[in-house]
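Some notes on the structure that comes next.
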Amino acid sequence: MSVIGEILSNEVLADNYYRVCFHAPEICRIAQPGQFVHVKINALRERLLRRPFSICNVEPETGSLSIVYKRVGAGTDVLASLPPGAHCDLLGPLGKPFSLPSPEETPVLLAGGYGAAATYLLARRSPKAGLLLLGARSKEDLLLIRDYEALGFDVKLATEDGSRGQRGYVTTLLPDLLQDKSKNFRFYACGPHPMLMALGKILLEAQYPDSELSLDHRMCCGVGACFACVVKVKAETPEGWRYARTCTEGPVFRASEVYYE
């Protein structure tokens, strides 16, 4: 559905990262973890294409919907300048969501950069708290740590420059968990595409085929019409794969579904 969302707040999280909250009760009522909204920035009239943003959080009681974004170009420059009371056109909720873990499973969320926004609602709705493995280039790119800790999640950090947490990629935080077969872990992830491809291979080798990966890609239409956001998934074809649209068949895929090159 398409709704006009009024901006309730538009705050700086860190450096060029922002969190904007919209009043969008119609979307809040049905949004699921891992879904996204396609945002048309009304003040940016010369740019026709919408911009996809993962739904970070919803409050159905108040109708508040939040997304996290990084200020990187003309569109997000304008979005960052919009005050409370301004409006954007929101199309959503869109996409295939995460599956909730069972009460017997311990969720392990792996996030790269502001991929942490895509897994936050999953953390809120999980039957019990688990772990967040959060990676980024530097400490300035680590987001929502206190938000996850407030939910009871144990947060472990990795940065490529070693400025906070363990030095290296977020996957460097995995080995100890994968060796502990006494825990009933369920893995979920969102982040840069190379990270997710490497992570998917690791989880399959460790025999966690039902792990779920949110393969966010740049989307033009958001409804499956343009085929601009495709990824390769396994299929019974001569090549062994086919293209899947992340906006409708994803963005969430099981690790066992993805075709790894």
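The values are calculated or read from the model by the stated rules, or taken from the named source; none is laboratory data. These numbers come from a predicted model, not from an experiment. As a convention, Cβ positions derive from the backbone with ideal geometry for all residues, glycine included, and neighbour counts pool all protein chains shown.
Let's see how each residue does on (1) among the charged types (D, E, K, R); (2) not in a strand (DSSP E or B):
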position: Leu196; (1), (2): no, yes
position: Gly200; (1), (2): no, yes
position: Tyr208; (1), (2): no, yes
position: Cys221; (1), (2): no, yes
position: Glu239; (1), (2): yes, yes
position: Arg242; (1), (2): yes, no
position: Val252; (1), (2): no, no
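Here's the yes/no breakdown for (1) of a type in the set (S, T, N, Q); (2) modelled with pLDDT of 95 or more; (3) part of a loop (DSSP other than H, G, I, E, B):
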| site | (1), (2), (3) |
| --- | --- |
| Leu157 | no, yes, no |
| Ser182 | yes, no, yes |
| Arg186 | no, yes, no |
| Glu261 | no, no, yes |
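Just one of the numbered conditions (1) more than 20 Å from the chain's Cα centre (by Cα); (2) modelled with pLDDT under 95 is not true of Leu204: (2). Residues in the stretch 235-253 that are crowded, with 16+ Cβ neighbours inside 10 Å and either in the same structural domain as Leu199 (by TED's automatic domain parsing) or not polar (S, T, N, Q) (or both): Trp241, Ala244, Arg245, Cys247, Glu249, Gly250, Pro251, Val252, Phe253. Look at the stretch 16-32: where a residue is basic (Lys, Arg) and a partner is surrounded by fewer than 20 Cβ atoms within 10 Å (Cβ to Cβ), sitting 6+ places away or on another chain with Cβ atoms under 8 Å, you get Arg19/Ser9; Arg19/Asn10; Arg19/Glu11; Arg19/Leu13; Arg29/Pro60. Under the condition of being hydroxyl-bearing (Ser, Thr, Tyr) and either assigned to a loop (DSSP other than H, G, I, E, B) or crowded, with 20+ Cβ neighbours inside 10 Å (or both), the residues counted in the stretch 164-180 number 1.
Selection of helices (runs of 4 or more DSSP H) fully inside the stretch 22-126 by the criterion of at least 1 residues being outside the structural domain of Tyr208 (by TED's automatic domain parsing) and among the acidic types (Asp, Glu) returns 25-28, 74-81.
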